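The values are calculated or read from the model by the stated rules, or taken from the named source; none is laboratory data. As the structure is a prediction and not an experimental result, all values here were calculated from the model. Heads up, the Cβs are rebuilt from the backbone with ideal geometry, glycines too, and the neighbour counts pull from every protein chain shown. Note: accessible area is taken over every heavy atom of the protein model, side chains too, but ligands, DNA and RNA are not part of it. Shrake-Rupley method; radii C 1.70, N 1.55, O 1.52, S 1.80 Å.
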Amino acid sequence: MAAGKYKRKKKKKKYNIGKIVFCTFVELIVIAALVIMIGWDKGVGSWLEQFSRPVVKELDLSGINSPYAVLMQANSGKIIGEINGEERIYPASLTKIMTAIVAIEEIRDLNEEITLTNEMFAGLYERDATQAGFQPGETVRAVDLIYGVLLPSGAECCIALADHISGSEKEFVELMNRKAAKIGMENTHFCDSTGLHDPEHYSTVLDMAVLLKYSLRNSEFRKMIEAPYHSTGVTNIHPDGITYYSTMFKNLPDHSVTGGEIKGGKTGFTNDAGLCLASFAEIEGRDYILVTAGAAGNTGNPLHVQDAVTIYNRLGEKALSLKDE
């Protein structure tokens, strides 16, 4: 027969199971040695320790002042408690979480200076919008404007950032809505960067929890929203700068709760939205996010902050009970 009609049979590879097991064992020893050499103080220990920490899988949120609430495990995104979590709400100044994170992601140099114009203040006084204290003609660093968005809830800071990044607030809002769709905020539509009331400006407490979860992954955002106060740099109008304070921490003199502490948050209020709060806390070594909305704003009491303290204490008590089991 012709030589071309014969085909060589491919030899089947033989796998030595014992060799594979031995190599895997050696790799594990090497990894363990590296862990010891690196040291637990470098974060390896805390990373491993999280697997032994108590996990609260469900929590009753009843008995609070807010008719809308969602409690989420920050790392996994798992919902462990809710009240009308997917019902439509007006987010008020919780909107500014999106304004801040988009600004942080879009501006390369946060020390870049931005000059506020008269046009940026148009309509803010008439609509009783909260402001951080800047003036028309003032030149301010972008970082100070973003702190002004998150801490004192400054509307003029939102408009200045929007105009600087996109040329107009309308164009900036398109960025906000695209970001919302990208990160899975399925029932949200923004009309402005400030949260001033508009019937078509809506969200849910679940979507707001998704937004805060996403934003907290950004170290710059997290540093800002955890700050109780911030002092700006010198400006052409304020030679000593401006110091402003977190609207949440002003109503929360004691950050501690059972098993941990409240780390940061953003408040919101309009007559239509009621009192709103998106906050996060560390309880027994785990991060949790709580978003509430719709609490009565005519009582003179910060019911949204009280609700957060109530729920985080309840969460801490349950986590400690699991730890003792």
The residue from Thr267, Thr310 that alone is of a type outside the set (A, V, I, L, M, F, W, C) and not in a strand (DSSP E or B) is Thr310
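Yes/no per residue for (1) crowded, with 17+ Cβ neighbours inside 10 Å; (2) farther than 28 Å from Ser76 by Cα; (3) more than 18 Å from the chain's Cα centre (by Cα):
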site: Ala180; (1), (2), (3): yes, no, no
site: Asp192; (1), (2), (3): yes, yes, yes
site: Asp198; (1), (2), (3): no, yes, yes
site: Thr204; (1), (2), (3): yes, no, no
site: Val210; (1), (2), (3): yes, no, no
site: Lys213; (1), (2), (3): yes, no, no
site: Ile225; (1), (2), (3): yes, no, no
site: Thr235; (1), (2), (3): yes, yes, yes
site: Leu252; (1), (2), (3): yes, no, yes
Which count do you get for residues in segment 217-241 that are more than 21 Å from Glu112 (Cβ to Cβ) and among the acidic types (Asp, Glu)? 2
So in segment 268-323, with the set limited to residues that are small (Gly, Ala, Ser) and surrounded by fewer than 19 Cβ atoms within 10 Å (Cβ to Cβ), which one is nearest to the chain's Cα centre (by Cα)? Gly285
When you go through Lys96, Lys57 one by one, which is the residue that is basic (Lys, Arg), within 27 Å of Tyr288 (Cα to Cα), in contact with a strand residue (DSSP E or B) (Cβ under 9 Å, 6 or more places away or on another chain) and open to solvent by less than 50 Å² (accessible area, probe 1.4 Å)? Lys96
Among the residues of segment 78-98, write down those that are assigned to a loop (DSSP other than H, G, I, E, B) and of a type in the set (A, V, I, L, M). none
Taking only segment 102-130 into account, find how many residues are more than 25 Å from the chain's Cα centre (by Cα), among the charged types (D, E, K, R) and farther than 22 Å from Asn236 by Cα. 3
Please specify each residue of segment 254-267 satisfying the condition of being under 18 Å from the mean Cα position of the chain (by Cα), over 11 Å from Pro228 (Cα atoms) and without any contact (Cβ under 8 Å) to a residue 24 or more places away in the chain. Glu261
Does any residue of segment 190-201 turn out to be part of a helix (DSSP H, G or I) and at pLDDT 95 or above? no
Within segment 102-161, residues being buried (at least 16 other Cβ atoms within 10 Å of the Cβ), in a strand (DSSP E or B) and in contact with a Gly (Cβ under 9 Å, 6 or more places away or on another chain) number 2
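Rundown of residues vs (1) assigned to a strand (DSSP E or B); (2) at pLDDT 95 or above; (3) among the hydroxyl-bearing types (Ser, Thr, Tyr), yes/no style:
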{"site": "Gly233", "(1), (2), (3)": "no, no, no"}
{"site": "Lys263", "(1), (2), (3)": "yes, yes, no"}
{"site": "Asp287", "(1), (2), (3)": "yes, yes, no"}
{"site": "Thr292", "(1), (2), (3)": "yes, yes, yes"}
Residues of segment 118-147 being of a type outside the set (Val, Ile, Thr) and closer than 20 Å to Ile104 by Cα, which ones? Met120, Gln131, Ala132, Phe134, Arg141, Ala142, Asp144, Leu145, Tyr147
Consider only pairs whose beta carbons are under 6 Å apart and that are at least six residues apart or on different chains; among these, list those whose first residue lies in segment 75-93 and is among the polar types (S, T, N, Q) and crowded, with 21+ Cβ neighbours inside 10 Å and whose second residue is part of a strand (DSSP E or B) and modelled with pLDDT of 95 or more. Ser93/Gly268
